[in-house]
Amino acid sequence: VSTNHIAKHLKISPGNLYFHFSNKEEIIRELFARMSQEVQVAWDPDRNLPPREFLEASFEVFWTFRFFHREMYHLRRQDPELARNWKRHM
C-alpha cells in the first residue's frame, strides 16, 4: 500500500498526510503504539472482566489490527525501530 492509497482512503491529500507522518514506517509505528495501548487496556487485570468479555475485548483488538499479525515478520525485518517496539510489547 502506498501513502497515496492511505491518503485517498482517509480522504485527505498526500501533502496533508506527509504533514503528520514522514513515511509509511511512521504510520505503522503509530498504529502499533495504538494497538499496544489497546491490548494493555483489554488485558488490564484491574478491569476484572468475566472470561467472555475478556475474550471479546481481546478479539476486537486482534481483529482491528489483524494486519500486524499477518505481516509482523516482514514489517519487523524492514524497520528496526518497530522490531524493538514489538520486542518490548511482547
Taking the stretch 1-35 on its own, how many of its residues are closer than 22 Å to Arg77 by Cβ, β-branched (Val, Ile, Thr) and open to solvent by less than 70 Å² (accessible area, probe 1.4 Å)?
4
Among the residues of the stretch 7-42, write down those that are touching a residue at least 40 places away in the same chain (Cβ under 8 Å) and among the hydroxyl-bearing types (Ser, Thr, Tyr).
Ser36
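When you go through Glu38, Glu71, Glu60 one by one, which is the residue that is at pLDDT 95 or above, surrounded by fewer than 13 Cβ atoms within 10 Å (Cβ to Cβ), within 17 Å of the chain's Cα centre (by Cα) and not hydrophobic (A, V, I, L, M, F, W, C)? Steps first, answer last, please.
Details: Glu38 fails: surrounded by fewer than 13 Cβ atoms within 10 Å (Cβ to Cβ); Glu71 fails: at pLDDT 95 or above.
Just one listed residue meets the conditions, Glu60.
Output the residues belonging to the stretch 41-57 that are part of a helix (DSSP H, G or I), open to solvent by 50 Å² or more (accessible area, probe 1.4 Å) and not basic (Lys, Arg).
Result: Val41, Pro45, Asp46, Pro51, Glu53, Phe54, Leu55, Glu56.
The values are calculated or read from the model by the stated rules, or taken from the named source; none is laboratory data. What you are looking at is a predicted structure, and each value in this text was computed from that prediction instead of being measured. FYI the Cβ positions are ideal-geometry reconstructions off the backbone, even for glycines, and counts take in every protein chain you see. Heavy atoms of the whole protein, side chains included, go into the accessibility calculation; ligands, DNA and RNA do not. Shrake-Rupley method; radii C 1.70, N 1.55, O 1.52, S 1.80 Å.
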